[in-house]
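The values are calculated or read from the model by the stated rules, or taken from the named source; none is laboratory data. All values derive from a computational prediction rather than experimental measurement. Every residue, glycine among them, receives a Cβ derived from its backbone with ideal geometry; neighbour counts consider all protein chains shown. Accessible surface is based on the protein model in full, side chains and every heavy atom, while ligands, DNA and RNA are left aside. Shrake-Rupley method; radii C 1.70, N 1.55, O 1.52, S 1.80 Å.
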Amino acid sequence: MKQKKKIAIQGWPGANHEIAAKAYFEDDKLEVIPCLTFPDLFQTLKEDRSIYGIIAIENTLVGSLLPNYTMLKDSDLLIIGEYKLRIKHQLMALPGQSIEDIREVHSHPMALAQCEEFFKAYPHIKLIESEDTALSAKRISEEKITGIAAIASELAASMYKLNIIASGIETNKRNYTRFLVITDRALTETDELLAQNRINKASLVFSLPHDEGSLSKVLTVLSFYNINLTKIQSLPIVGQEWEYLFYVDVTFNDYKRYLQSLDAIRPLCKKLKILGEYEKGKQSYPIQNGNTVETANHE
């Protein structure tokens, strides 16, 4: 019998991290290991090298999750893939209640912020921050709490047997989160992907001398080798004033040409680390029970 893949997620079962994980692996039978915080997730992967992890890295509304870049750099984990998920928020409560019965809504602060416009029509409802969307739904279900609702996913409503009393309450309907799948080097599928000629994206981090035009020189070299820069994020280097780490995502059509570009920029960089080489991720919409419909495979 094929052994279940184990994957650590940030949040509780039913969270968007689980939906993205199942969509990426195309497997509903993953063994999910919930971690309340991202540091907990990285610690879990450090202690058990046999499992995968999935972390949110950026959102189209709020931007990059900067601490996750640092934790990824400082770990010896590799990115093996990505998934871009359309985030859709549902308002849910115990069966038999309507929105007029609700006096409080509990959810993660980001989910609450993304639904503020909806609640302007219901000034009697108080918004309460909690650790996690799905965990809020679980508590309402297990403790049989009436008068309180949660904002969470359709999967959470199904898992915890709550009724959705308002669907798609997010203000912005173009709300996507990009998730990275990470794991120990021993579990990577890089060789298999290379053999199938499927690696076409990489995530890198490097620092540069504090010299005029140093970043421009690196970008010029990447352009010469037909490497497409799809993301750049700078973070200060602690203890080194006015010096920065640059996290970049690049895409390419020729893996050998990509390797040549790395050789060309190494002399220009103070440090260069490959965080992962993988296949560009699909972009999907969630539907009932956490399944997804793929809509694109592009940046």
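Scanning the stretch 97-107 for residues that are in contact with a Ser or Thr (Cβ under 9 Å, 6 or more places away or on another chain), free of Cβ contacts under 8 Å to residues at least 60 places away in the same chain and surrounded by fewer than 23 Cβ atoms within 10 Å (Cβ to Cβ) yields a single hit, ASP101. Selection of strands (runs of 3 or more DSSP E) fully inside the stretch 112-194 by the criterion of at least 1 residues being open to solvent by 60 Å² or more (accessible area, probe 1.4 Å) and without any contact (Cβ under 8 Å) to a residue 60 or more places away in the chain returns 126-129. If the condition is being over 14 Å from ASN253 (Cβ atoms) and at pLDDT below 95, then the stretch 195-206 contributes ALA195, GLN196. Checking the stretch 242-249 against the condition returns a match, with at least one residue being open to solvent by less than 60 Å² (accessible area, probe 1.4 Å), at pLDDT below 95, farther than 22 Å from ILE55 by Cα and touching a strand residue (DSSP E or B) at 6+ places or on another chain (Cβ under 9 Å).
Of all residues in the stretch 1-50, count the ones that are over 18 Å from SER75 (Cβ atoms), among the polar types (S, T, N, Q) and in contact (Cβ under 8 Å) with a residue 40 or more places away in the chain.
Of the stretch 1-50, the ones over 18 Å from SER75 (Cβ atoms) are 1-5, 11-16, 18-32, 34, 36.
Then keep just the ones that are among the polar types (S, T, N, Q); that gives 3, 16.
Narrowing further to those that are in contact (Cβ under 8 Å) with a residue 40 or more places away in the chain: 16.
Total meeting the criteria: 1.
Screening the stretch 211-241 for residues that are in a loop (DSSP other than H, G, I, E, B) and of a type in the set (Val, Ile, Thr) and picking the one that is most open to solvent (accessible area, probe 1.4 Å) gives VAL238.
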